[in-house]
Amino acid sequence: MSSKFIYSADDVFNVPSYLNFLEYMGTEMFEKNKKVLFIQDNASYHKSSETWKWFKENKKWIEVHNLPPYCPELNAAEALWKITRRTGTHNKHFETEEELRSTLDQVLGNMYENPNEISGYMAPFL
């Protein structure tokens with residue numbers, strides 16, 4: 001089993017933006033004859049009928065599981081947000097939104113390019 005970090009940014013987080021992310025993720029992660037195990041939290045757009053329709057239509061390559069409500073200790077994203085805050089945003093003032101986005105792109109891009117650097121944080125979830 002292996003893991004991969006994929007991220008995208010959007011101005012709004014809703015069902016259409018989530019479905020766009022899932023499509024993007026599918027093009028990044030899909031390997032012939034390998035199934036993706038996908039774990040998500042309980043954001044409202046994760047639970048929508050359109051989202052679950054998409055999961056059903058793509059069940060040949062993706063298996064989805066929802067985390068229990070209010071369980072940040074089970075959510076790997078929480079560990080990654082801690083890294084993001086520590087290495088990118090903690091005690092920093094950003095003059096513009098562009099400065100903040102650039103910093104986040106740098107931190108998250110590093111996670112994407114170097115997944116081994118976050119593997120210790122992900123170990124409890126594998």
Of the conditions (1) of a type outside the set (S, T, Y); (2) at pLDDT 85 or above; (3) closer than 25 Å to L19 by Cβ; (4) part of a helix (DSSP H, G or I), the single one that A77 does not satisfy is (2)
For region 86-116: of the residues being surrounded by 13 or more Cβ atoms within 10 Å (Cβ to Cβ) and within 16 Å of the chain's Cα centre (by Cα), which is modelled with the lowest pLDDT?
P115
Out of (1) farther than 27 Å from L104 by Cα; (2) modelled with pLDDT of 90 or more; (3) touching a Phe, Trp or Tyr at 6+ places or on another chain (Cβ under 6 Å), the one E63 does not meet is (3)
The condition from (1) loosely packed, with under 14 Cβ neighbours inside 10 Å; (2) in a helix (DSSP H, G or I) that N42 misses is numbered (2)
For region 1-24: of the residues being assigned to a loop (DSSP other than H, G, I, E, B) and aliphatic (A, V, I, L, M), which is modelled with the lowest pLDDT?
M1
So K47, is it touching a residue at least 12 places away in the same chain (Cβ under 8 Å) and among the charged types (D, E, K, R):
yes
V36 is checked against (1) modelled with pLDDT of 85 or more; (2) in contact with a Gly (Cβ under 9 Å, 6 or more places away or on another chain) and fails just one. What number does that condition carry?
(1)
Which of the following residues is closer than 30 Å to E98 by Cβ and either in the same structural domain as L104 (by TED's automatic domain parsing) or in a helix (DSSP H, G or I) (or both): T27, T51?
T27
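The values are calculated or read from the model by the stated rules, or taken from the named source; none is laboratory data. This is a predicted model, so every value here is computed, not measured. When we count neighbours, we look across all protein chains shown, and the Cβ atoms used for this are built from the backbone with ideal geometry, even at glycine.
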